[in-house]
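Notes follow once the structure below has been shown.
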Amino acid sequence: MYRATFFVVFLHHMLSVKNLTFSYHKTPVLKDLTFKVEQGEHLAIIGESGSGKSTLLKLLYGEYDLNFGNIYWKDTEILGPKYNLVIGYDFMKYVTQEFDLMPYTSVEENIGKFLSNFFPEEKKERTAELLEVVELSAFAKTKVKALSGGQKQRVALARALARQPEIVLLDEPFSHIDNFKKQSLRRRIFKYLKRKNISCILATHDKDDVLGFADTMIVLHDNKIEAIDTPEHLYHQPKTALIASFFGEFNRINNTIVYAHQLQITKTSGLKVTVSKSYFKGHYYLIEAETDNNTLFFEHTTALKSQSIVFLKQVK
Ligand code: ADP
Ligand code: MG
């Protein structure tokens, strides 16, 4: 008896979500979601606006009661307000789309709020470390009220990490941060989480938040999990147009999905197109072209003259 219990606990995944079903009112928002997350694993939840990403994070945090199913972190069941007086757990931190900070106190006080005053030296070091992760060291003494939206978002991130949670739930965590800062901040945050072996569930519609960072990806659509796999697998074998559209421009040729970069100009082929427009994209041009009955997109190193006729072949 005792041994059997031990065995089950030992095999428990870190986060285990089973048959999660939820609706705010009558219409279901999430239907029968089942997935697992290991310690230190990074899971990205992607889906169109309104697909239920934020709702899923709120449920994982225990903000609402499930209609059906269950959520476990190790052997703690995550329960909603019906069963829990106080929402939230020490091992889990959640950065919402509306980061609620203390506006009239400084950045460092906001971050240090949850750190113990019994160890002032450690508190100081820890705050400094976190300020560096979110690149706000120069703003330590600035009042939060005086910060931009992106800077506030970074304070919220640092605050979530302050007490070393076992898992963080991040809702579009870089949405307010400008492109100049975004790339380096992403790398810092995800590196930090991996280094500390913190599990991360991230809701986003930005592929740059996912590629190179997430171990696993869930695509939410029609209230269900449309796909769950590694970003690599989903990229190489997108089962649906929705999945392909997340990764970039694509075409449907003979009912298969072909990314724009998988079409190349060739001397002659069965695929003859008339160029209609060239879009500058940095290291390539995205070319829009017409067949008799279809619009196609492909990539090319230079712009092409409108109305010119070219032949395309499919490459890997
Ligand atoms: P996402 O984060 O993917 O954009 P949400 O989880 O915010 O999606 O919303 C999913 C669905 O639930 C939407 O149809 C939205 O209108 C609805 N919804 C979200 N929050 C509430 C709420 N507090 N009350 C009622 N309906 C809600
Ligand atoms: Mg949302």
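The values are calculated or read from the model by the stated rules, or taken from the named source; none is laboratory data. What you see is a predicted model; the values in this text were computed from it and never measured. So basically every Cβ, Gly included, is an ideal-geometry build from the backbone, and we count neighbours across all protein chains shown.
The table that follows gives values for the structure above.
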| read-out | value |
| --- | --- |
| Residues of region 90-139 that turn out to be within 22 Å of the chain's Cα centre (by Cα) and among the β-branched types (Val, Ile, Thr), as a count | 4 |
| Selection count, region 267-316, where residues are over 36 Å from the mean Cα position of the chain (by Cα) and in a strand (DSSP E or B) | 7 |
| Unmet criterion (only one of (1) out of contact with any helix residue (DSSP H, G or I) (no Cβ under 8 Å at 6 or more places or on another chain); (2) among the β-branched types (Val, Ile, Thr); (3) within 16 Å of ligand 1 (Cβ to nearest atom)) for ILE87 | (1) |
| Flag if ILE198 is β-branched (Val, Ile, Thr) and more than 29 Å from GLN314 (Cα to Cα) | yes |
| So LYS123, is it among the basic types (Lys, Arg) and closer than 23 Å to TYR89 by Cα | yes |
| Selection within region 280-316 - hydrophobic (A, V, I, L, M, F, W, C), closer than 17 Å to PHE250 by Cα and surrounded by 13 or more Cβ atoms within 10 Å (Cβ to Cβ) | LEU286, ILE287, ALA289, LEU296, PHE297, PHE298, LEU312 |
| Every residue from region 255-278 that is at pLDDT 95 or above and within 22 Å of TYR235 (Cβ to Cβ) | ILE257, VAL258, TYR259, ALA260, HIS261, GLN262, LEU263, GLN264 |
| Tally, over region 138-157, of residues that are surrounded by 15 or more Cβ atoms within 10 Å (Cβ to Cβ) and either over 13 Å from SER106 (Cα atoms) or not aliphatic (A, V, I, L, M) (or both) | 9 |
| Residues satisfying the stated conditions in region 158-191, i.e. basic (Lys, Arg) and either crowded, with 21+ Cβ neighbours inside 10 Å or outside any loop (DSSP other than H, G, I, E, B) (or both) | ARG159, LYS181, LYS182, ARG186, ARG187, ARG188, LYS191 |
| Hits in region 188-221 (condition: among the small types (Gly, Ala, Ser) and more than 16 Å from ligand 1 (Cβ to nearest atom)) | SER199, GLY212, ALA214 |
| Test: residue in region 22-33 that is at pLDDT 95 or above, within 16 Å of ligand 2 (Cβ to nearest atom), on the phi < 0 side of the Ramachandran plot and among the aromatic types (Phe, Trp, Tyr) | yes |
| Criterion violated by GLY52 - all others in (1) of a type outside the set (A, V, I, L, M, F, W, C); (2) surrounded by fewer than 21 Cβ atoms within 10 Å (Cβ to Cβ); (3) within 16 Å of ligand 1 (Cβ to nearest atom); (4) farther than 15 Å from VAL168 by Cα satisfied | (2) |
| Pairs, first more than 8 Å from ligand 2 (Cβ to nearest atom) in region 38-55, second of a type in the set (Lys, Arg), C-beta under 7 Å, six or more apart | GLY40/LYS194; ILE45/LYS53; GLY47/LYS53 |
| Condition check for ASN223: free of Cβ contacts under 8 Å to residues at least 24 places away in the same chain and farther than 24 Å from GLN183 by Cβ | no |
| Considering residues of region 140-185 that are within 16 Å of ligand 2 (Cβ to nearest atom) and among the acidic types (Asp, Glu) only, the residue nearest to GLY62 (Cα to Cα) | ASP171 |
| Test: residue in region 195-208 that is in a helix (DSSP H, G or I), within 22 Å of the chain's Cα centre (by Cα) and either touching a residue at least 12 places away in the same chain (Cβ under 8 Å) or surrounded by 17 or more Cβ atoms within 10 Å (Cβ to Cβ) (or both) | yes |
